[in-house]
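What follows is a short report on a single structure.
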Amino acid sequence: MKNLKIISIGFVFFCFVISLKGQTEQGNVLLGGETKLAFTFLNSKWKTDDDSGDDGKTTNLEFSPQIGFFVVDGLALGVEIPIMYSSEKDEDDDKFSSTSLAFAPFLRYYIGTSNVKPYLHGEVGFGNLKVKYDPATGSSDDASAGMFLYEIGGGLGIFLNDKVSLDIGIGYASVSIKPKEDNDVNYRSISSGFGLGIGLVVVL
């Protein structure tokens, strides 16, 4: 299951979105996107029904477009679509790469009316991941897996003008990935940890 190491590492941290002063009123729409900029620090481990172990630490990059709707003042419900590509080359010159796509409903609450507005955030989602393993010797191998993920966090928004906000947040997230085929031992790869996110948001 070595080729599944990379697929659970880069997909942990998702959305940190902040709104604008006066723009978090009921009926408004939130549009945003975040790039993690490799500021995600993770501890990765694997499990079966009979055993477990650690894969170590790494960093990754992802992009997460978002759309939400304010159901009441300050409270937004929406969906995020985390998209990730990751690659790795180990000390034996074996190469790993993965692509992933998920669907993650979120709940976000904005506090106060100042130009720097704190927020709280939570989300739960599901997705699919494909991984490719190219060993230095031998033939390549492809695999696919299902994902379950969640995140809780918060941060601050810095309002650049009356429509656009730069948000900086921190949160704790976890993703569990399980191969879809040849998994009689119920292998799961689980990554969790804290990460820093930076993004831009427009509220209409």
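The values are calculated or read from the model by the stated rules, or taken from the named source; none is laboratory data. Everything quoted here is computed from the prediction, not taken from an experiment. Cβ coordinates were reconstructed from backbone atoms using ideal geometry, including for glycine residues, and neighbour counts include every protein chain displayed.
For residues that are assigned to a loop (DSSP other than H, G, I, E, B) and farther than 18 Å from THR24 by Cβ, scanning just the stretch 67-83, find the one that is modelled with the highest pLDDT.
The residue in question is ILE81.
Given the structure, is VAL79 crowded, with 16+ Cβ neighbours inside 10 Å, of a type in the set (A, V, I, L, M) and free of Cβ contacts under 8 Å to residues at least 40 places away in the same chain?
yes
Looking for whichever is modelled with pLDDT under 90, under 30 Å from GLY74 (Cα atoms) and out of contact with any helix residue (DSSP H, G or I) (no Cβ under 7 Å at 6 or more places or on another chain) here; the options are LYS163, LYS130. Which one fits?
None of the other options fit; the residue is LYS163.
Restricting the stretch 164-186 to residues that are crowded, with 20+ Cβ neighbours inside 10 Å and in contact with a Phe, Trp or Tyr (Cβ under 7 Å, 6 or more places away or on another chain), which is nearest to ASN28 (Cα to Cα)?
SER165
For the stretch 110-120, enumerate the residues that are surrounded by 15 or more Cβ atoms within 10 Å (Cβ to Cβ) and either touching a Pro at 6+ places or on another chain (Cβ under 9 Å) or modelled with pLDDT under 90 (or both).
TYR110, LYS117, PRO118, TYR119
Of everything in the stretch 178-204 that's more than 30 Å from LYS163 (Cα to Cα) and among the hydrophobic types (A, V, I, L, M, F, W, C), which residue is modelled with the highest pLDDT?
Step by step, filter the stretch 178-204, then rank; the result is ILE190.
Which numbered condition in (1) closer than 21 Å to LEU75 by Cβ; (2) in contact with a helix residue (DSSP H, G or I) (Cβ under 8 Å, 6 or more places away or on another chain) is the only one that LEU120 fails?
So the condition that LEU120 fails would be (2).
For the subset of the stretch 57-66 comprising residues that are surrounded by 16 or more Cβ atoms within 10 Å (Cβ to Cβ) and in a strand (DSSP E or B), which member is modelled with the lowest pLDDT?
Filtering first and then ranking leaves THR58.
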